Structure formats: C-alpha cells, structure tokens
1. Being away from ligand 2 (no atom under 16 Å from the Cβ), within 25 Å of residue 49 (Cβ to Cβ) and not in a helix (DSSP H, G or I) is the filter here, so list the residues in region 152-170 that pass it.
2. Restricting attention to region 287-306, does a residue exist that is at pLDDT 95 or above and either part of a loop (DSSP other than H, G, I, E, B) or in contact with a strand residue (DSSP E or B) (Cβ under 7 Å, 6 or more places away or on another chain) (or both)?
3. Restricting the search to region 101-151, which residues are part of a loop (DSSP other than H, G, I, E, B) and within 16 Å of ligand 2 (Cβ to nearest atom)?
4. List pairs: first in region 152-177 and at positive phi, second within 16 Å of ligand 2 (Cβ to nearest atom) and outside any strand (DSSP E or B), Cβ under 7 Å, 6+ apart or cross-chain?
5. Given the structure, is residue 121 touching a strand residue (DSSP E or B) at 6+ places or on another chain (Cβ under 9 Å) and touching a residue at least 60 places away in the same chain (Cβ under 8 Å)?
6. Filter region 123-150 down to the residues that are more than 14 Å from residue 59 (Cβ to Cβ) and within 16 Å of ligand 1 (Cβ to nearest atom) and list them by number.
7. Could you list, in sequence order, the residues of region 213-230 that are in contact with a helix residue (DSSP H, G or I) (Cβ under 7 Å, 6 or more places away or on another chain) and either within 16 Å of residue 52 (Cβ to Cβ) or free of Cβ contacts under 8 Å to residues at least 40 places away in the same chain (or both)?
8. From the list 73, 83, 48, which one is at pLDDT 95 or above, surrounded by 24 or more Cβ atoms within 10 Å (Cβ to Cβ) and over 15 Å from the mean Cα position of the chain (by Cα)?
Ligand SMILES: Cc1ncc(C[n+]2csc(CCOP(=O)(O)OP(=O)(O)O)c2C)c(N)n1
Ligand SMILES: [Mg+2]
C-alpha cells in the first residue's frame, strides 16, 4: 500500500509533539513544577507513532511507565496530559495519577502503568473481550525489553496464542532495563525469537524507522483482525535520556548516547520527507511551530488550572465492590 503525504506529515507532527512535550516536561520537572517520577520517551517516538498510525480509534493500547509517547500517538490531548503531570484537577486523572497513570478510555488508551509488564495481561484481556464480542478491534501492548523477563509476558502471549487473540505484543527494545544491559539478562540474540516458544510469528524491526514500524503494524493488525492471532513485534531503539529524570546514566558512555542520537527517528523522517519531495522545508517548519504552540498552550492551561480539592482525595480512587 502506498503511504500518503498526509500520513507521513501526521506521523512527523506526532513525533515532534512527543519530543517537544517531553523537552518542556524535562525543564518543568527540573523547575519543580512536575512532582513524582518522569521517564522520558525521547528517541523512541518512531515506535509509538508508527504503531498507533496503523490503528483505529476504537482499537486499544496498553502502555508502560514510559508512556507519554503512546498517549500522544493514540490521540491524547497534551493539555490534559500536562495538567495531569502538574497534579491539577483538570488533568486526565484529576491530578491523582501523574505521569505513570494517564488513561483515556474514549481513545482506547487503557493507561500507562508503573508495574513493569503490567499492561501486557490487561491488553490481552481487552483482546479476549473483542474476540468474545465478535468485533474486529485489536489491542496493542507496549512493553520494554526488561518486561520480557516477567512472567506476565510469557503467560499472556501463551494464552493469546492458544486462543488466537487479536493482540499485538510490541516490545520496545532499548537494550536496557534501568541500568541493566539486556546482554546480561538474556541469552537470545533477538527478543522476537521468543515468539517461537509460543507458536506465534516474531518480527524484528528498526524502531527508529517510523515507516517500517507503521508498515509492519499494518500487516500484523490485518492478520489479527482476520482472527489469525497475535504477533510479537520487537522494535529496536535507544533512549536519548536517562532511565528517569535524575538518572546519573553512568552505565552508558557519552559516545553511546551520541551514537544513539544520530539515529533519531524524527531527523530520519524529516530528511526522507524533503529528499523524496514529500514536503518543503517551510512545511516542516510550520509543523514545528504549531507543535510548540500547542505545548506552550498546554503548559499555560496546566499553570492556570486549579489544584484538586482535599475533600475529593478519596473519590475515583477505590471501586465499590458492589458495582
Ligand atoms: C514489577 C516491577 N519490577 C520492577 C520495577 C522497577 N522498574 C521500573 S522501570 C524498570 C525497567 C524496565 O525496563 P524495560 O522493561 O526494558 O523498559 P524501559 O524502562 O527500558 O522502557 C524497572 C526494573 C517495576 N516498576 N515493576
Ligand atoms: Mg528497556
């Protein structure tokens, strides 16, 4: 299928929106405006955007502790995201969730998740729901390389395999789990090899090539919609920032991080768009400006929003066992 200029520019816009949202989040965190933990996705944007561009609005995604990119790629509003990061009442979770719990069920965003591997059974359960109801929706679960050593990954992919569930397992292989290098905790060369243990296809793709991620996702989603079951898609990438804001990063040399930045998925698409005649420099600059404007407006919205009221501290926190 021919990829259109419209799709390419929208993918560029979304990746830039994630990058700029996080660049400002980094500054705001340092300035003490954003409480809690923040894990930045910079450098990995090609995965969230490539995958989510191949989905429909009513398809579901489950996310991770590094979830800003997934949320924006699936259509999340940066205004409500920023307000949530500030802990304000207008945020996605009314200021009670913060960076690691942002969700929007109307957009099929089941939520970020602070538990490594936690969203894998959640998305698998969503896929079971789709199959049970006979819809052709699919669920995607994003998780890191570290999460593939969790039991939740192995149990979920096995269940999805035997029941041919419409779920796509997207591994964001940035080669590290916090400071632990993947080579010290895994014998396989490629994480996609793990799929064969469950009888499902496993594919490795360059996660910094948004077009490759998009085209691969289109294929595996089509397969899942037809009832042919799950696929494990390993997207190889690297992160530009530390594991979390405040990470000393001593486990990677400066050269490794520089090398990683050279493989930036945004620069790569930007070059492609201009060299292949899809867009002019001016069109790219206009997108960049619109993204900055959108994020600055989100920050202003967050700044001006009220704090949650103390008397609301326990609402929306517990689910009644009688519902
Ligand atoms: C069940 C569980 N174990 C440990 C942690 C602490 N922890 C938070 S992030 C992380 C590393 C996750 O690595 P990976 O899955 O590769 O994702 P990445 O951070 O590289 O995106 C760990 C161990 C946690 N949050 N949950
Ligand atoms: Mg990792």
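1. 165, 166, 167, 168
2. yes
3. Within region 101-151, 112, 113, 114, 115, 116, 117, 118, 145, 150 meet the criteria.
4. From region 152-177, the pairs are 175/145; 175/182; 175/238.
5. no
6. Selection gives 143, 144, 145, 146, 147, 148, 149, 150.
7. Matches in region 213-230: 213, 214, 217.
8. 83
The values are calculated or read from the model by the stated rules, or taken from the named source; none is laboratory data. Bear in mind that the values here come from a model prediction, so they are computed numbers and not experimental data. With ideal geometry, Cβ positions are generated from the backbone for all residues, glycine too; neighbour counts draw on all protein chains shown.
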